[in-house]
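Each reported figure results from applying straightforward, stated rules to the coordinates on display, with no laboratory input. Computed from a predicted model, the values in this text were never measured in an experiment. Glycine gets a Cβ as well: all are built from the backbone with ideal geometry, and neighbour counts include every protein chain shown.
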């Protein structure tokens, strides 16, 4: 086989770089809640409240 | 509280469930969710409805209110024993509900005070104040903060 043809054949056989698949798992946020209204109310009250020392 | 609590189950790190057995069987959920203030968590409490949603304003009228609240207190004790540095915030879903909780706390305060420091939040929409809860003084509270005595 002529050298030029051999090289072409080798190039064809060369592996393509593998693709990396990144799987992103969805995570439940620590602040996820069954009672979002209550949490919003709590944050609203606390935002206007000076907490005592020790808390 | 001297009531025997319902058996409860921890279904997630911050979530507990139990079943109220009165006129009917109602599944209840208790949840502790971190708030914006450091080391403060909200105590959320409500009913699991037949469609799978939750209702924290339900007036289930199941005839076992004190036993249900005793169970919530037991869960609170357990959770704060696991996380002694946290402070638990709670309030009623309505003014009437918060008044009801105030009356119950006043009744059982001497028992409660052995394990917890209790603060009441009073004030208006603009500016609130935190004061040590006093069972002898009748005030209108917006919410409560509870911290385990270490």
Quick calc of log₁₀ I(q)/I(0), segment B:1-89, Debye, one scatterer on every Cα, no solvent, q values 0.11 1/Å, result -0.30
Could you work out how far helix B:95-112 tilts from the main Cα principal axis of chain B, as a 0 to 90 degree angle to the nearest 10?
80
Highest-MSF residue in chain B out of B:31, B:136, B:96 [GNM, Cα springs under 10 Å]:
B:136
Between segment B:117-140 and segment B:8-23, the Cα center-to-center distance that results, in Å:
30
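Averaging over every viewing direction, what projected area does the convex hull of the Cα atoms of chain B cover, in nm²? Intermediate results must be reported in sequence, preceding the final value.
On the way: hull surface 37.2 nm².
Projected over every direction and averaged, the Cα hull of chain B covers 9.3 nm².
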Pick from B:87, B:19, B:102: which is most flexible by mean-square fluctuation in a GNM of chain B where alpha carbon atoms under 10 Å apart are linked?
B:19
Rh (Kirkwood, all Cα-Cα pairs) for segment B:71-115, Å, reads 11.7
For chain B, longest principal axis from Cα atoms; helix B:65-82 axis from its Cα atoms; angle between them, nearest 10 degrees, is 70
Among B:105-112, A:34-41, the order from most to least packed when residues are scored by Cβ within 10 Å on average
A:34-41, B:105-112
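Within a 10 angstrom radius of each residue's Cβ in B:26-37, how many Cβ atoms of other chains show up on average? Whole number is fine.
That works out to 4 on average.
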Highest-first arrangement of B:44-54, B:3-13, where packing means the average Cβ count within 10 Å:
B:44-54, B:3-13
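Kindly state, as a whole number, the per residue volume in cubic angstrom of the convex hull around the alpha carbon atoms of segment B:72-150. List each step's numbers first, then the result.
Values: hull volume 7.6 nm³, N = 79.
Cα convex hull per residue, to the nearest whole number: 96 Å³.
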